[in-house]
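Presented below is the structure to which this report refers.
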Amino acid sequence: MDKNYFFRLTLVFSFTLGANILSAQGPAQEGAWSDPILFDLVPNAVANLPDGRLVTWSSKYTDDFGGGDGFTHTQIFDPTIGPDGAALTKTISQTNHDMFCPGISNLVDGRILVGGGSSSEKTSIYDPATEIWSPADNMNVPRGYQSNVTLSNGAVFTLGGSWSGAIGGKFGEIYSLATGWVSIPSVTGELLLDGNDPDLDEPIPSQKYYRSDNHSWLWAAPNGKIFHAGPGTDMHWIDVRDVDNPTVVNLGRRGDDTYAMNGNTVMFDVGKLLKVGGSRSYSSGTPASDKAYVIDINSEVPVVTPVPGFKRARAMNSSVVFPNGKVLVVGGLDKGEVFSDVGAYYVGEIYDPLTNTWEDTAPMQVPRTYHSVAILMPDGRVFVGGGGLCGSCDVNHLDAEIYSPPYLFNDDGSLATRPTISAPESASYNSTMSITGSDEIMSFSLIRFSSASHTTNNEMRRIPVSFVETQGGYDISIPDRNLLPPGYYMLFGMNKFDVPSIAENIQIGTTIPFVGTNPNLVLDLKFDEGSGINVADDSQYGNDAVIIERDNNKNPIPVTQEYWTNEGLFGNALEMDGLEFQSNSIVEVQYSESMGSIKQNMTVMAWVYRDELDNNIAVLAHDYPRIFFGFHNSLYKWQVPTSIGGDVECYVGRVPLNKWVHLAATFDGAIGRLYVNGTEICSDVAGGELLLETEAQFTSSFTSSGFYDFTQPQSLSGITDEIDGRIDELKVFNKALTRQEIASFYAVGLEQNNPEVVVCPPNTITAQYKIGSDGDWQTGNTITVAEFDEVYIRAIVPSGDEYFVTLPFIQQNTFSSVDDFPDFEDTTAYRIDSNTGGGNDVGDGFVNKDNEGKYILTTIGGCMAVIDLKIEGTAGCVLQQEYRINGTYFSGDDTITVNEGDEVSFSVLPNELPNVTVTLPDGTVVDDNFTIGRITMAQAGTYTLSSASDCSVTLEVIVVADTGCNIVQEYRINGVFESGADTITLNEGDNLAISILPNGIDFVITLPDGTEVNGDYVMEEINPSNAGTYTLSSRSDCSVTLEVIVVADTGCNIVQEYRINGVFESGADTITLN
C-alpha cells in the first residue's frame, strides 16, 4: 500500500520542576514532544482512519458539552502535514446526534461507529471515503459513557452507560450491519457494578450506580469470548457467540486491586493486558491508584500479577501500546476529579514487559487530564490531545501534542534509520502474507486500528506475528480471528534496536454473521436433517419446508429416494439429481406473511455445488418467472420483474464444475444485484415492488431445486429446473444486504477450509483492456470510453488455465479463451460488441450505450475479474433522481416539496456511477451525495444531476415556508441547560449562553442595544448592563424573545437573625417581645 508519510521531528526539550521530575536526558532515553498543535475544538474523542489520518470530535460545542440532540463538531488530523501534522478544517455532522461520551468501534471496513452519548439512543457512522457522518440504527437502550468492543465475528458489543438515559438497566446489545442493534437482556449492566469494594468513595449513594457502569474494559479474548477486566474489581467472561444463549461467568477479584474508575487496560501481547491507574470515585477527589497489573487471559482462569514500580498514582490517564510491546502511560492527575489540572502529570511512564520495569518520558507542555485522549499513529508516533470541554472553565485544551518514542532516535539524539516494508492491502486468516522489506528486520507486530475517549480504548491490541525470511522479503503468518478481530491493522517491522518501520495499513479478515435471532432473516434452511422429507426453518418465523416428489401425472407420491448428503459445506446438505424438464422432486415452502415481507426489499443466498453445467437450475423460485434465482446453464442468473414494469435481468459469469460457490442476490426497490463469492457481478435498475402470488396452488409457494411449470409439455411432473448437485444454507432476508454483509457469509464458508470451495488468492486473474487495436494494454476494472470506440478486454491468468468472458445482457454467448479467441481478430482478447447474439447491439465491434455494464472474466476454477464498461455520450440516459429527506431515501420524482428546515440531500441512481455532479440553482457545481442540511427558502429551485457521460436529470425543489414558528429559547446558566421560559432572572456574575431549539437551525440574536450576532451568544460573568430583551430569529423570520433580568450584587447581603423562646426567625427590621 502506498504511503505519503513525510517524517520530520521538532524536538522540544523541557525542564519542569515541582510535581514532576527534572528531565535532562535525551530523546533516545525519554523520547521527545512536539509543540502544541492548535485545533478548533477540544479533541475529546479520536479514531484511526485507513489512510493514516485521525478523526477527532468534541460535542455539539467545540469547548463544552450538554444537551441531548443536535450535531457534532469534527476535525481531521493529518500527520503528514508539516513537521508534526496539522488539523484540517472543522466540520459539523448532520445526523442529529451529539456524539459526546459515546461508545466507539472501528468497523471492519475502516468506518467508525459511534453509539449513544449525549444523544443517548443515536448511532452514527463516519465513512473516511466520503468524510461524511451518516445515521445508523438507533440503540434499543439509550446510554452514554458505555464501552464498545469489536468481536471476533466483526460485530460490536456494548454494555453499561447510566450517564445518559435512565439510570440502570443498561444490558448488553450487539450490532452488525445486517441486523442493527440486537438486545441481550440477560447480560445485565449490573455485572459492572463493584461487588468487592463496599466503601466506594462516591459521596452521593446514587452516584455509585450512576457512575459504576461507565467506561468498562472489554476485550475480545483468544477463546472467542469477551473478557471484562474492570474498572470494578470483579472480572467476568461474557460469551455472546450465540446471542440467544449468552453466558456470564464471574471470575472473582482482580488480584488485590481496588475499584479503579478512569484507569484503563491495554493488550500488549497475545491475551495479556496491562492495567494501570484509576480511582475509587469518579469525581470526588479520592486519591488515584498506583496499582498496576498484568492480566493473562490465555486460559479460562485469568492470572493477575502485580507490576511493581509504577511511580505516579494516576487517574484520567491514557495508555498506548508500542510496536515493540512496551506501553506508554501518559497524562492524568493524582486524584479522581473532573475539569481540573491541579495535580496533573506532565511526565509519562513506559512499561517494559520484558524487564517488568518503568522508565520516564520527557515532559509534555500541556496537562492532559479529564477528556483527553491518546492514540498510536502508523508512523509510530503517539497523538496526545484534548482535556477540559467544560465551557467557561480554565482547563480547556483545544490542541494536541505528538510524542516520538525513544525507539525513533539514535543514542546521540539524531533520527534512527528505519526499516522499510511494503505489503498487500488485505490478508485472510490462517494464511501466509508475502511482503517485501529491508533485510535488517528481526520482528513483526500487528496493532489494530483503534478509538479512544474518556481514558478507554478497547480496540487497540498488539499481536506479534511469526515470519519466515524469503528472497527480498518475508512471509508473515496471519493468525485466526480470535486473536485478530476483523478490521484494519498496522503492520510494523522492527530491527534489532526495536526501531519500527512506518506501518503498512492492512485490512485483515471479514465479518461473519453472529449466531442468534435476526428479525430480517425470514427463511433459513440449513439442510442439516440428513433424512426424511421435512426441512426445518432456523429463522424465528417457522417457514419450514418439505421435500415433495410427483409422478409423471403431476400427482404427489411418497419419496422414492433420500435427498441428503453428509458432504455439505456445513455438515449435511440437500442433494438431488434432476435434469431440467426431467425433474420429479422439489423443496417447497408455503407462502406466509413473513415470506411476503420481501416485496420491497430482499436478499437470497445459498451455497451451491453443481455436478453438470448444461441445464438450468432454480435455487429459489416463486411463481416463475416472478422470482428466479439460480443458474441459466453455465451462467449465474437473477431475474425478477417488478410492479411498475421493470425487470432485473442478470445472466452472467461462468459456474465452476464440482465446486462450492456462494451465490447471493438483492433487490432494494430500485436496483437488483447479483453476487458470487462476495463479489458483485451484475446490477440492473428496476424500480417498484416484487410481484408475489399469495393464493394459487403450487405457484404461491417458494421452491428450491426447481419450480412448478405446467406450460412445458416436456415437464410431465410439472416440475422443472431441479438441481443435479447440492444446496446448503439457503437464506432469505426481507432486507437488501450490503456487499460487506454478503461477503461476510462467503467468509464463513472460506473458514471451513473445504478444498472444494472456490478460493482466489491475489492475482489469480487480472483484468486488462485496451482502447483501439493499436492501444496499449492497461490493467483495471473500470473503462470509460466514448461511443464508437473499439474496446478489447482480456484476463491475465498466471496458471495458463482457460477463462471465459460473459456479457452484461441476456441471450449472449460465453466466449472461451481456448475455444473462441483463436478465431477472433485479436486472438488474445475479446472485442466488445462483436460476435454477439442479437439484441439491440449492432455487433460491429464499436461500442455504444447498449454495451454498458459488467463484463465477467472467469477462470475454469471459478475465480472472477469484473470489467465495468461506461460509455460517454447522451444516448440511452438511465439516470434517476435520488434524494433523502429527514433520513429517508426516495427516488424518481422530477419535483419534490419539502418544508423549510427539513434535512435534504441529493444523489442519483444507479449509485455506482462515477463523477456525478450536482448543479445548484445558483449555478454552483458540487459533487455527488450533496447534503444541504436544513433547507431554507433561498435554496428552492432546479437542481441538475449529471453523470460523466453528459447524461443529466433535473429535480425541482419547492420549499414550503415554516410559518408556524416552532423555535424555542434555550439557555445555559452556570453550565446547566434549560429552555422555554420568556423571562429568566440571574445574579450578577452568573455565566449565560443563549441559543434556540431545535439545534442545527441558522439564527440571529438581536441584543438589547440592537446589535445582531449570528448563532449562540455567550456572556461570562453577566452584569446589569447585559439585562434586557434578546430577540432570537430564524432565517424564516420566525422569532421569540428572552427577557433577561440581572440582580445586582450590592456587596451587602447580610440579614438579621434572631431566636425568640428557642425559635429562629430572620429578616424583620422591627420585632416586639413580651
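The values are calculated or read from the model by the stated rules, or taken from the named source; none is laboratory data. Keep in mind the model is a prediction, meaning the values are calculated, not measured. Every residue, glycine among them, receives a Cβ derived from its backbone with ideal geometry; neighbour counts consider all protein chains shown.
Some notes on this structure:
- Test result for residue 235, within 29 Å of the chain's Cα centre (by Cα), surrounded by fewer than 23 Cβ atoms within 10 Å (Cβ to Cβ), hydrophobic (A, V, I, L, M, F, W, C) and under 26 Å from residue 450 (Cα atoms): yes
- Segment 579-632: number of residues that are small (Gly, Ala, Ser) and over 19 Å from residue 710 (Cβ atoms): 6
- Test result for residue 684, surrounded by fewer than 24 Cβ atoms within 10 Å (Cβ to Cβ), touching a residue at least 12 places away in the same chain (Cβ under 8 Å) and under 30 Å from residue 781 (Cα atoms): yes
- Any hit, segment 113-129, residues being among the small types (Gly, Ala, Ser), under 22 Å from residue 229 (Cβ atoms), assigned by TED's automatic domain parsing to the domain that holds residue 48 and under 12 Å from the mean Cα position of the chain (by Cα): yes
- Residue within segment 716-723 that is of a type in the set (S, T, N, Q), in a loop (DSSP other than H, G, I, E, B), touching a residue at least 24 places away in the same chain (Cβ under 8 Å) and surrounded by fewer than 22 Cβ atoms within 10 Å (Cβ to Cβ) present: no
- The residues on offer are 138, 96, and the sole one that is farther than 21 Å from residue 457 by Cβ, outside the structural domain of residue 999 (by TED's automatic domain parsing), in contact (Cβ under 8 Å) with a residue 60 or more places away in the chain and of a type outside the set (Ser, Thr, Tyr) is 96.
- Test: residue 462 is in contact (Cβ under 8 Å) with a residue 60 or more places away in the chain, part of a strand (DSSP E or B), not β-branched (Val, Ile, Thr) and not assigned by TED's automatic domain parsing to the domain that holds residue 51: yes
- Subset of segment 751-783 (residues that are surrounded by 14 or more Cβ atoms within 10 Å (Cβ to Cβ), out of contact with any Asp or Glu (no Cβ under 6 Å at 6 or more places or on another chain), of a type in the set (Val, Ile, Thr) and not in a loop (DSSP other than H, G, I, E, B)): 757, 766, 783
- Answer residue from segment 1016-1030, given it is in contact with a strand residue (DSSP E or B) (Cβ under 7 Å, 6 or more places away or on another chain) and not in a strand (DSSP E or B) and is surrounded by the fewest Cβ atoms within 10 Å (Cβ to Cβ) among those: 1024
- Qualifying residue in segment 799-812 (condition: in contact (Cβ under 8 Å) with a residue 60 or more places away in the chain, closer than 30 Å to residue 427 by Cβ and in a loop (DSSP other than H, G, I, E, B)): yes
- Scanning segment 500-523 for residues that are more than 27 Å from residue 480 (Cα to Cα) and either at pLDDT 95 or above or surrounded by 21 or more Cβ atoms within 10 Å (Cβ to Cβ) (or both) gives 521, 522, 523.
- Any chance residue 566 is surrounded by fewer than 18 Cβ atoms within 10 Å (Cβ to Cβ), of a type outside the set (A, V, I, L, M, F, W, C) and in a strand (DSSP E or B): yes
- If you go through segment 1039-1074 and keep only what is over 30 Å from residue 1017 (Cβ atoms), modelled with pLDDT of 75 or more and small (Gly, Ala, Ser), you end up with just 1068.
- Among the strands (runs of 3 or more DSSP E) confined to segment 87-161, there are none with at least 2 residues that are under 23 Å from residue 384 (Cα atoms) and at pLDDT below 90.
- Being touching a strand residue (DSSP E or B) at 6+ places or on another chain (Cβ under 9 Å), in a loop (DSSP other than H, G, I, E, B) and surrounded by fewer than 24 Cβ atoms within 10 Å (Cβ to Cβ) is a property that does not hold for residue 368.
- The residues of segment 549-601 that are among the acidic types (Asp, Glu) and closer than 30 Å to residue 670 by Cβ amount to a single one, 593.
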